[in-house]
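Asks: Mind having a look at this structure? Questions to follow.
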Ligand code: ADP
Ligand code: MG
């Protein structure tokens, strides 16, 4: 028999399908019963109450008494310090996090507080916590906002953003709780990986991750590689050769371009011609993979990348334009070779292509934590994927106040133009009635086009143009002002509270009377979850509000995913197409988009798992070199006589020291070239797939083959090098001995964001940089 649920708690219960947090209700009830006692304590009393707790975390079963006591302490501490008395729903959400779940709580339900309550709980239990935010701005905001609460419980807190210095990072990572975006933690891991001594490391500890906007980070960004790149000494003339070869090719004869798919491919004739020019080689041979890759990049640069649209040439340099965000990417170079190919195309001096020193995907990074938990407005829709990829169970906590938002049925029309007209009318009408309107678009370019049309129709608008997160937050925060019209992409201003009547709620009653916030979507996104996130901006905390989506059959989500049968039917019936059918077509197209995305996630993960495993073994070996005698033993075995001579001339400790440094150098160098080879294999692999081989299997086979003998090669190279050293060389700096580590490194993340428009799809294919940073390693 099921235990009966007390009436006051019935509305807290989650959806079927995902896990239920019902079992934590008694804990919340007990916490409520303790409230008066906690209120009577002074700050010191609360602190010692927290210190005396024996909390157990990260297990599905929570200790009832200790957890209830903690919740009561934390609620009182937060009330005293940040002026928020946590609702029962928030305490329940906290239990779900403490026990290692992903929690769905709607927008505006106060997930920042829930995350802080849980982070402090983990800390009180003796654990180290990273609260992962969506961007720098939110990391700083949340850490600063919640700092007094942490202080009261004697929990130290820090935060990290792009501009945080090396020293400050170290200090932050020593705190019990660190707020940081996932990219910064990843970059720190990558940079740490190349250090030679313990002191250089900033050393994040991978114990507990509490991930805000958990679906965005764990699912949408899961396969985003975080990359550490460095300048290499390689010469780049080969790009000139590849470019010259490609320039001589004849369109449609030697190669074909599929603009929709953003691919260019050589025809058999083109291949023959190239192979003849290169001296009758077979370009499909593994030994010519590098050349083949360069040719493909050159072809890509020639056909699919447009000057002044995708990149600019200024002062003899190529700068990339990030079309989705409308920002010029700050990266100097494009490490995978496209940059060099573009330089060759523009007949600029080809700079040495940067090499990828190391990389890690967001998913791989998050899997390193002992305990994972997270919260978002949309979690249950990806419950299965969270289990599949992270073993993270998900559930929902219901709202504190019932939802008052009205979701109007989608308006689905035939053409883009008809859709735009309808949107303009809808926005103008609501605006004139004083209702604030937030319009969600698919891209910055679309936002700007729409803004121009609205402007022409006499509707003043505020457009989020992706300048920076803090400014976006400021604009979005004002989206609830009387009569305001704000246009933004789905991502922009995430995590910012939209209050009716503006930030200080001056006009609250007028806006309430006008119907609250209206959210208008200009299309459907590639998943229902993204639609729901946008919609969730209206009707926060029981506010009134409406949401409505406009869609046309010319929209990407339809055009890219509709089956031929659907398209034929649309064509044939045109305006006569019944509403239900339109709805079904839209639903199905979106479902196809969703499953494509999951398939791609799975497929990419298959590739990345091989790299992740090899990376882990290299790192483990690196540890053995740094902390053990692995390098001595291996090198001594390879060059026993020379080794003895060195040890006799100098002492063992000094020879070991040099051996260790040399071995690390060659280990890292081997890894860099291994990664380059893996990248080349991947770049070339879809072409092999045409030959009938399964790409993932083929990749694994080649990756394993290339990795075979990795450590033997490392030590052979180290031994060969040491064999050339004299006793005088021992103890000298590696640079003096002629071993140069990369002089500069930079980090970036490649976004594959689902919100872009087709114009930049090709960039996504190759990699798009949103962030970069120069740092000196030495
Ligand atoms: P979410 O991340 O869930 O969308 P936020 O953490 O940004 O929500 O909080 C939204 C708003 O709710 C904030 O203005 C916050 O101050 C307020 N809030 C959160 N918890 C409480 C509470 N227990 N009582 C009153 N207001 C709260
Ligand atoms: Mg939030």
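The values are calculated or read from the model by the stated rules, or taken from the named source; none is laboratory data. Not measured: the values here are computed from a predicted model. Quick reminder, even Gly has a Cβ in these numbers, built from the backbone with ideal geometry, and neighbours come from all protein chains shown.
Asks: If you take the residues in segment 491-536 that are part of a helix (DSSP H, G or I) and within 30 Å of residue 382 (Cα to Cα), which one is farthest from ligand 2 (Cβ to nearest atom)? Give the steps one after another, and end with the answer.
Replies: Residues of segment 491-536 that are part of a helix (DSSP H, G or I), as a first pass: 508-513, 528-535.
Retained after the next criterion (residues that are within 30 Å of residue 382 (Cα to Cα)): 528-535.
Values: 528: 20, 529: 15, 530: 16, 531: 18, 532: 15, 533: 11, 534: 14, 535: 15 Å.
Result: 528.
Asks: Determine whether segment 231-238 contains at least one residue that is modelled with pLDDT of 80 or more, part of a helix (DSSP H, G or I) and not assigned by TED's automatic domain parsing to the domain that holds residue 668. Spell out the reasoning first.
Replies: So the first thing to find is which residues in segment 231-238 are modelled with pLDDT of 80 or more, and the list is none.
There is no residue in segment 231-238 that is modelled with pLDDT of 80 or more, part of a helix (DSSP H, G or I) and not assigned by TED's automatic domain parsing to the domain that holds residue 668.
Asks: Looking at 122, 150, can you tell me which residue is touching a strand residue (DSSP E or B) at 6+ places or on another chain (Cβ under 8 Å) and closer than 18 Å to residue 81 by Cα?
Replies: Values: 122 fails: closer than 18 Å to residue 81 by Cα.
Matching residue, one of 122, 150: 150.
Asks: Sticking with this one: Among the numbered criteria (1) in contact with a helix residue (DSSP H, G or I) (Cβ under 9 Å, 6 or more places away or on another chain); (2) without any contact (Cβ under 8 Å) to a residue 40 or more places away in the chain; (3) more than 25 Å from residue 373 (Cβ to Cβ), which single criterion is violated by residue 255?
Replies: (2)
Asks: Just checking, does segment 216-224 include any residue being closer than 30 Å to residue 349 by Cβ, assigned to a loop (DSSP other than H, G, I, E, B) and away from ligand 1 (no atom under 16 Å from the Cβ)?
Replies: Looking only at segment 216-224, we keep the residues that are closer than 30 Å to residue 349 by Cβ, and these are none.
No: zero hits.
Asks: Look through 633, 624, 680 and report the one residue that is under 23 Å from residue 713 (Cβ atoms), in contact with a helix residue (DSSP H, G or I) (Cβ under 7 Å, 6 or more places away or on another chain) and free of Cβ contacts under 8 Å to residues at least 12 places away in the same chain. Even if it seems obvious, please write down each step before you answer.
Replies: Details: 633 fails: in contact with a helix residue (DSSP H, G or I) (Cβ under 7 Å, 6 or more places away or on another chain); 680 fails: free of Cβ contacts under 8 Å to residues at least 12 places away in the same chain.
Checking each option against the conditions leaves just 624.
Asks: Now for a different question. Before we move on, is residue 201 more than 15 Å from ligand 2 (Cβ to nearest atom) and at pLDDT below 95?
Replies: In short, yes.
Asks: Here is a follow-up. Scan segment 90-126 for residues that are within 16 Å of ligand 2 (Cβ to nearest atom), over 25 Å from the mean Cα position of the chain (by Cα) and closer than 15 Å to residue 57 by Cβ and report the count.
Replies: Of the residues in that region, 0 qualify.
Asks: Might you let me know whether segment 459-474 holds any residue that is within 16 Å of ligand 2 (Cβ to nearest atom), under 21 Å from residue 535 (Cβ atoms) and either crowded, with 22+ Cβ neighbours inside 10 Å or over 22 Å from the mean Cα position of the chain (by Cα) (or both)?
Replies: Yes, segment 459-474 contains a residue that is within 16 Å of ligand 2 (Cβ to nearest atom), under 21 Å from residue 535 (Cβ atoms) and either crowded, with 22+ Cβ neighbours inside 10 Å or over 22 Å from the mean Cα position of the chain (by Cα) (or both).
Table: residues versus (1) surrounded by 20 or more Cβ atoms within 10 Å (Cβ to Cβ); (2) more than 24 Å from residue 293 (Cα to Cα); (3) out of contact with any helix residue (DSSP H, G or I) (no Cβ under 6 Å at 6 or more places or on another chain).
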residue	(1), (2), (3)
645	no, yes, yes
649	no, yes, no
654	no, yes, yes
660	yes, yes, no
666	yes, yes, no
673	no, no, yes
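Asks: From the list 37, 23, 69, which residue is surrounded by 19 or more Cβ atoms within 10 Å (Cβ to Cβ) and either at pLDDT below 95 or in a helix (DSSP H, G or I) (or both)?
Replies: On inspection, the qualifying residue turns out to be 69.
Asks: Can you confirm whether residue 114 is assigned to a strand (DSSP E or B), at pLDDT 95 or above, closer than 30 Å to residue 472 by Cα and within 15 Å of ligand 1 (Cβ to nearest atom)? It would help to see each step written out before you state the result.
Replies: Working: assigned to a strand (DSSP E or B): no; at pLDDT 95 or above: yes; closer than 30 Å to residue 472 by Cα: yes; within 15 Å of ligand 1 (Cβ to nearest atom): yes.
So residue 114 does not fit the description; no.
Asks: Out of segment 475-487, which residues are outside any loop (DSSP other than H, G, I, E, B) and within 16 Å of ligand 2 (Cβ to nearest atom)?
Replies: Here is the first cut: in segment 475-487, the ones outside any loop (DSSP other than H, G, I, E, B) are 475-477, 485-487.
Within segment 475-487, 476, 477 qualify.
Asks: Can you name every residue in segment 537-549 that is in a loop (DSSP other than H, G, I, E, B) and either more than 11 Å from ligand 1 (Cβ to nearest atom) or over 27 Å from the mean Cα position of the chain (by Cα) (or both)? Steps first, answer last, please.
Replies: If we filter segment 537-549 for residues that are in a loop (DSSP other than H, G, I, E, B), which is where we start, we get 537-539, 543.
Residues satisfying the conditions are 538, 539, 543.
Asks: When segment 379-408 is examined, which residues are found to be within 16 Å of ligand 2 (Cβ to nearest atom) and surrounded by fewer than 24 Cβ atoms within 10 Å (Cβ to Cβ)?
Replies: Across segment 379-408, the qualifying residues are 399, 400.
Asks: Could you grab the pairs with beta carbons closer than 7 Å, sequence gap of 6+ or different chains, first residue in segment 103-124 and farther than 17 Å from residue 208 by Cβ and in the same structural domain as residue 176 (by TED's automatic domain parsing), second one near ligand 2 (Cβ under 9 Å from one of its atoms) and in a strand (DSSP E or B)?
Replies: Filtered contacts from segment 103-124: 104/376; 105/375.
Asks: Within segment 64-89, work out how many residues are within 16 Å of ligand 2 (Cβ to nearest atom) and free of Cβ contacts under 8 Å to residues at least 40 places away in the same chain.
Replies: Summing the residues that are within 16 Å of ligand 2 (Cβ to nearest atom) and free of Cβ contacts under 8 Å to residues at least 40 places away in the same chain in segment 64-89 gives 2.
Asks: What do you reckon, is residue 140 more than 13 Å from ligand 1 (Cβ to nearest atom), touching a residue at least 24 places away in the same chain (Cβ under 8 Å) and out of contact with any helix residue (DSSP H, G or I) (no Cβ under 8 Å at 6 or more places or on another chain)?
Replies: Values: more than 13 Å from ligand 1 (Cβ to nearest atom): yes; touching a residue at least 24 places away in the same chain (Cβ under 8 Å): yes; out of contact with any helix residue (DSSP H, G or I) (no Cβ under 8 Å at 6 or more places or on another chain): yes.
Yes: the conditions hold for residue 140.
Asks: Could you check how many residues of segment 356-370 are more than 16 Å from the chain's Cα centre (by Cα) and either assigned to a strand (DSSP E or B) or at pLDDT below 95 (or both)?
Replies: Step one: list which residues in segment 356-370 are more than 16 Å from the chain's Cα centre (by Cα), which gives 356-358, 369-370.
Next, only the ones that are either assigned to a strand (DSSP E or B) or at pLDDT below 95 (or both) stay: 356-358.
Number satisfying all stated conditions: 3.
Asks: Moving to a separate point now. When only residues in segment 127-143 that are part of a loop (DSSP other than H, G, I, E, B) and within 12 Å of ligand 2 (Cβ to nearest atom) count, which is farthest from residue 72 (Cα to Cα)?
Replies: Going residue by residue through segment 127-143, those that are part of a loop (DSSP other than H, G, I, E, B) are 127-128, 134-135.
Still in the running and within 12 Å of ligand 2 (Cβ to nearest atom): 134-135.
Values: 134: 29, 135: 31 Å.
Once the filter is applied, the top-ranked residue is 135.
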